[in-house]
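The values are calculated or read from the model by the stated rules, or taken from the named source; none is laboratory data. If you're wondering where the values come from, they're calculated on a predicted model, not measured in any experiment. Virtual Cβ from ideal backbone geometry, glycine too; neighbours counted across all protein chains shown.
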Amino acid sequence: MPKLIKVLLVLALLAGAAAGAYYYFYYEQERKPSDRLTLYGNVDIRQVHLAFHANGRIERVMVEEGDAVKKDQLVAELDPVRYQANLARAKAEVASQEQVLARLLAGSRPQEIAEARARLASAQATLRDQSNLFRRNNDLYQRRAISAQTMDTIRARYESSKEAVNQARQSLDLAIEGPRKEDIAAARAQLEALKAAQALTQRELADTKLYAPDRGVIQQRILQPGDMASPSVPAFTVALNNPVWVRAYLPETELGKVASGMSASVATDSFPGKSYKGWVGYISPTAEFTPKTVETSDLRTKLVYRVRVYVCNPENELRLGMPVTVSIPLKQKAEARRGQSDPCSGS
């Protein structure tokens, strides 16, 4: 019996030591400040509904569902015949108006001025003849040698000759002075309007080709060759999978330790031992309650802030909805990554 009591006493001491060690490692250690913050979340992939910016019949489709595409890769194009004809017409109108403006800027040719001088000289000679005729017949009319009707006809011809001289002189002045500044300005404005119309038709022709907006995977091919396309009807659904997003939630007590631009590493159970490069891209300014889908060690009733972590995914291993663990080193300076052309180029 005493031996049994000894054994029980030893077992009790061992159990107490084990409980103390458990308490130390799992409670006391957690109270110590850590240099790394761990968050839990799920992968969220951005999607683009890719549509033509023009109306027309699809002529070619270059990709299938599941194909990987690069940024600015041609994926489909419309029948361009109508748009090519519109562009050719616009170019012809611009060329015609350029000639009109060049003619106005050049002014009158020497031959045109010489022709105007000749018309003036001819009108002046006619006026001299009519003036002499009028003077002689006026004397006859004063002596009642000719009728009043005949005199009226001669007088009308004389007045008409004076008007012809005046008109010829004004034509010569206009030929020497050249086109009006207002006419040149109007022709130049018309040329600019036609050039703008040409640029628009050229853009419309370019819009018959559809390009991938970024690296990704064709999730859905909605339209086929022969279908009518329009800006309101998507032709493809593209998943932009590099980088992907991780939607995680930051406890209120840790809010002051994290800033946008801080680097992070992401791990998933699907690829044990592998981590993915990432960075904090966005922290929500509004608090909310932890969603029921997030599994963390904190109580679900605590307020949290939604965090978006960008993660490089060069081999397309991170999929939509995949649960991941985000690790953020706290001893670092926030680095602004917004505006970088390709933060995942080295991954």
Checklist outcome for this item: For strands (runs of 3 or more DSSP E) lying entirely in the range 1-112, having 3 or more residues that are surrounded by 10 or more Cβ atoms within 10 Å (Cβ to Cβ) and at pLDDT below 90 picks out 36-50
Checklist entry - If you go through the range 185-198 one residue at a time, do you hit one that is closer than 30 Å to R60 by Cβ and touching a residue at least 12 places away in the same chain (Cβ under 8 Å)? => result yes
